[in-house]
Protein chains: 2
Amino acid sequence: MFLTDKGNHPDISLKVCGYSRMLEIISSKWTVLVFYALENGSARYGEMGRRIEGISKKMLTQTLRQLERDGLVMRHLTPTIPPRVDYSLTPLGESLLKPMQELKKWTIDHYSDVEQARDHYDQSAVSQDFAENE
Amino acid sequence: MFLTDKGNHPDISLKVCGYSRMLEIISSKWTVLVFYALENGSARYGEMGRRIEGISKKMLTQTLRQLERDGLVMRHLTPTIPPRVDYSLTPLGESLLKPMQELKKWTIDHYSDVEQARDHYDQSAVSQDFAENE
DNA sequence: CCGTATCCTCCCGGATACTG
DNA sequence: CAGTATCCGGGAGGATACGG
């Protein structure tokens with residue numbers, strides 16, 4: 001880690017940065033996919049498990065609990081046998097939709113640019129490696 | 001993992017989901033903090049290391065390389081001795097600023113709601129634990 | 001000053017088995 | 001159906017030392 005020399009205090013701290021708090025809430029891929037699965041209304045537990053490719057029960061439950069704890073998702077239990085559990089976005093969760101969708105739009109609009117940049121970067125990397133081995 | 005039963009294909013895949021691609025680019029805390037450090041213009045390597053609390057050289061370099069590879073950040077080397085290296089956002093990187101700031105604004109506006117929800121959730125959790133041990 | 005290389009630890013998350 | 005409990009391997013990332 002960099003040493004903080006006399007009086008030169010860091011001004012970007014994880015604790016107070018708005019961006020960090022943002023990531024604290026939505027930075028996991030499962031969190032976002034689960035959130036995404038609820039964009040168009042409520043869904044049952046098993047249903048979500050089937051719709052979200054590759055998620056395990058453990059992560060589905062854990063992710064839903066976290067979203068619930070943060071007040072973004074509601075859990076509704078119907079105590080039949082077998083039980084039925086539905087999840088849906090809270091008003092707070094819905095308020096997050098718009099900025100999230102803006103960011104999704106940016107990604108869709110610019111992902112090809114990112115891919116192109118990666119190709120270009122990797123290309124120069126290999127040609128440099130090649131030059132070294134001459 | 002949930003089994004994909006006959007014909008019931010999952011419709012939310014990591015590979016094609018816009019949100020996932022978004023996280024692919026900005027989901028790490030260091031990535032976001034480094035990006036943040038460049039919001040108001042270019043900065044030198046060491047300067048960023050001092051400003052971003054807790055980051056190690058390894059992660060700073062790794063993060064900058066990734067942002068550079070994705071075409072969001074530019075690296076400018078001045079080959080003096082000792083060398084001087086400045087980093088800045090590319091136009092693509094700048095285009096990401098707006099949606100990111102929207103999300104940051106949401107976080108600032110609603111973080112207290114999230115904290116309140118957490119308190120409430122944790123509160124009910126402990127009172128439940130308490131009830132169990134009666 | 002601006003990195004890279006190496007080692008080593010910790011914890012995330014998958015697999016599996018069990019329960020109301 | 002909707003979870004919980006336990007075990008465990010791999011990779012992210014910190015600490016440290018070295019290099020141009």
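The values are calculated or read from the model by the stated rules, or taken from the named source; none is laboratory data. A quick note: this is a predicted structure, and the numbers were derived from the prediction, not measured. Every residue, glycine among them, receives a Cβ derived from its backbone with ideal geometry; neighbour counts consider all protein chains shown.
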What number of residues in segment A:69-86 are within 10 Å of DNA strand D (Cβ to nearest atom), touching a Phe, Trp or Tyr at 6+ places or on another chain (Cβ under 7 Å) and closer than 21 Å to residue A:97 by Cα?
1
Sole exception among (1) closer than 16 Å to residue B:11 by Cβ; (2) in contact with a Gly (Cβ under 6 Å, 6 or more places away or on another chain) for residue A:53, by number
(2)
Positions within segment A:78-97 being surrounded by fewer than 13 Cβ atoms within 10 Å (Cβ to Cβ) and among the acidic types (Asp, Glu), in sequence order
none
Do you know which of the residues in segment A:24-64 that are farther than 18 Å from residue A:74 by Cβ and among the hydroxyl-bearing types (Ser, Thr, Tyr) is nearest to DNA strand D (Cβ to nearest atom)?
A:56
Would you be able to tell me the number of residues in segment A:38-77 that are small (Gly, Ala, Ser), surrounded by fewer than 19 Cβ atoms within 10 Å (Cβ to Cβ) and within 16 Å of DNA strand C (Cβ to nearest atom)?
3
Check segment B:105-117 and report whether any residue there is exposed (fewer than 15 other Cβ atoms within 10 Å of the Cβ) and more than 22 Å from residue A:21 (Cα to Cα).
no
Helices (runs of 4 or more DSSP H) completely within segment A:32-134 that count 3 or more residues being away from chain B (no Cβ under 11 Å):
A:57-69, A:91-132
Consider residue A:28 carefully, then state whether it is modelled with pLDDT under 95, closer than 20 Å to residue B:118 by Cα and surrounded by fewer than 20 Cβ atoms within 10 Å (Cβ to Cβ).
yes
